[in-house]
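Student: Here's a structure for you.
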Amino acid sequence: MASGRTGRPIRGISTMARAIARRWKNARSKSYQPKPFLVIYLLLLLLGTAGAFVTYLALVNWVPGARSNSLDALKTSLTVVAGTGAAAAIYVSYRKQRNDEANSTREHDRLFTDRFTKASEQLGHDAAAVRLAGMYALARIADDSERDRETCMKVICAYLRMPFDPTAPDSDLAERNVRATALKLLEERLRPSHPHFWKGADVDLSGAYLINAAFARTVLDKAIFSDAHFYGVALFSLMRFGWRTYFERATFHDRVWFGYSEFHDQVTFRGARFLSEAAFCHGQFLDKVTFFDEARFEGAADFSNAKFPASASFKDVHFESAPTWPEGYELNDGKLVRVVSDVPKQQTPEDVA
């Protein structure tokens with residue numbers, strides 16, 4: 001294990017995962033329960049017989065000439081019985097299909113529970129190699145079953161949120177490797193180019209200690225990195241954040257690059273600390289709500305060619321050096337606003353023509 005300080009929380013991940021598996025199993029316990037077959041079949045038979053009798057009486061009494069040709073009337077009424085028999089056959093086929101589907105679902109749930117429980121127990125093992133195998137097992141389960149993907153992702157993210165200080169003198173290198181593998185498994189499968197792309201992913205890595213995070217070219221819906229610590233170069237370039245994005249109070253100990261990324265909804269960097277260079281060049285903040293309030297930039301801050309909404313909030317932001325703003329923008333009373341020039345544009349000969 002990583003150390004006495006981090007070992008207990010890591011062992012606790014298996015307990016948490018088993019609890020998730022129990023909730024998952026209970027949520028799916030209400031499978032298909034077929035209605036009593038004999039009762040429904042007898043009702044259909046009685047309905048067909050009654051329908052045939054009513055049809056025969058109607059033909060004989062209301063249709064001219066039917067009384068003298070009762071054999072044809074009887075044949076016509078018997079077609080009602082045949083129709084009821086066809087309906088019964090359809091019901092039998094439907095019932096068999098639903099039973100097969102229910103049995104398949106139960107078998108799938110059983111296999112998932114077995115695989116998930118075994119993988120989660122591996123994450124709490126003392127040996128790093130066993131924990132590593134558990135990480136790969138969870139990723140494989142998520143690849144195989146889209147329905148169970150979110151559950152596996154929650155466990156992987158929860159593992160990364162467990163306390164671990166990579167800068168501590170007694171930091172466990174083996175545990176560091178397990179965490180690096182877990183992070184890589186997430187990063188790879190969040191890219192559309194991956195054969196098992198985890199589409200529509202919500203990632204919660206709040207408070208996590210991430211080493212050399214490389215989320216470049218990934219696609220996230222909801223992303224929570226509040227209070228996270230990033231060590232090594234952090235790459236968030238060419239990303240697409242589809243929904244709300246949180247980097248509140250996150251600390252970037254080394255360089256970070258958000259270049260060419262798209263933020264399609266609210267994004268906040270409130271209280272974030274950038275201890276080295278931070279690049280947001282060519283980034284697109286497409287929602288009207290963007291916050292950098294109380295952030296600290298202790299290295300160079302590059303916002304060149306970035307696209308912002310009508311205004312972005314930079315209240316009480318600290319810059320060690322003058323930032324590079326997009327052309328035509330300036331910081332005014334804690335707001336990054338577009339500068340409107342009062343000088344009329346000089347006409348060119350082409351304009352006159």
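Student: Quick one: Karplus J couplings for the range 216-223, per residue in order, coefficients 6.51, -1.76, 1.60, θ = phi - 60°, nearest Hz, x for Gly and Pro?
Tutor: My calculation for the range 216-223 gives 4, 6, 8, 10, 10, 8, 9, 10 Hz in order.
Student: I would also like to ask the following. Report the rotationally averaged projected area of the range 200-297 based on its alpha-carbon convex hull, in square nanometres.
Tutor: 5.0 nm²
Student: Next up: Given the protein chains as shown and a 1.4 Å probe, how many square angstrom of Met153 are accessible, to the nearest 10?
Tutor: Here the accessible area works out near 10 Å².
Student: Relative to the present Cα-Cα distance, how much length would full extension add between Ser93 and Leu286 at 0.36 nm per residue of separation?
Tutor: Values: separation 193, 0.36 × 193 = 69.48 nm, distance 5.26 nm.
Answer, rounded to one decimal: 64.2 nm.
Student: Let me ask you something else. Full-extension gain between Ala174 and Leu238, please, as 0.36 nm times their residue separation minus the C-alpha to C-alpha distance. Mind dumping the intermediate values first?
Tutor: On the way: separation 64, 0.36 × 64 = 23.04 nm, distance 3.11 nm.
Difference between extended and current length: 19.9 nm.
Student: Fully extended, how many nm does the chain gain between Tyr136 and Leu46 (0.36 nm per residue separation, minus their Cα-Cα distance)?
Tutor: Working: separation 90, 0.36 × 90 = 32.40 nm, distance 5.82 nm.
Using 0.36 nm per residue and subtracting the Cα-Cα distance, I get 26.6 nm.
Student: Give me a comma-separated list of calculated 3J(HN,Hα) values for the range 176-184, in order, Karplus coefficients 6.51, -1.76, 1.60 applied at θ = phi - 60°, integers in Hz, x for any Gly or Pro.
Tutor: 4, 5, 4, 5, 4, 5, 4, 5, 5
Student: With the other protein chains left in place, how much accessible area per residue, in square angstrom, belongs to the range 193-313 at a 1.4 angstrom probe?
Tutor: 39 Å²
Student: After finding the eigenvalues of the alpha carbon gyration tensor for the range 150-234, what semi-axes result from the square roots of 5 times each, listed largest first in whole Å?
Tutor: 22, 13, 12
Student: Give Lys184/Lys315; Lys199/Lys315; Lys199/Lys335; Lys118/Lys199; Lys222/Lys335; Lys222/Lys315 a once-over and call out the pairs whose C-alpha atoms are over 31 Å from each other.
Tutor: On the way: Lys184/Lys315 35 Å; Lys199/Lys315 35 Å; Lys199/Lys335 35 Å; Lys118/Lys199 25 Å; Lys222/Lys335 25 Å; Lys222/Lys315 25 Å.
Violating the 31 Å limit, Cα to Cα: Lys184/Lys315; Lys199/Lys315; Lys199/Lys335.
Student: Normalise the Cα radius of gyration of the range 118-259 by 2.2 N^0.38 Å (N = residues in it) and let me know the number.
Tutor: 1.00
The values are calculated or read from the model by the stated rules, or taken from the named source; none is laboratory data. Here the structure is a predicted model, which is why all the values come from computation and not from measurement. These accessible areas exclude ligands, DNA and RNA; they are computed on the full protein's heavy atoms, side chains included. Shrake-Rupley method; radii C 1.70, N 1.55, O 1.52, S 1.80 Å.
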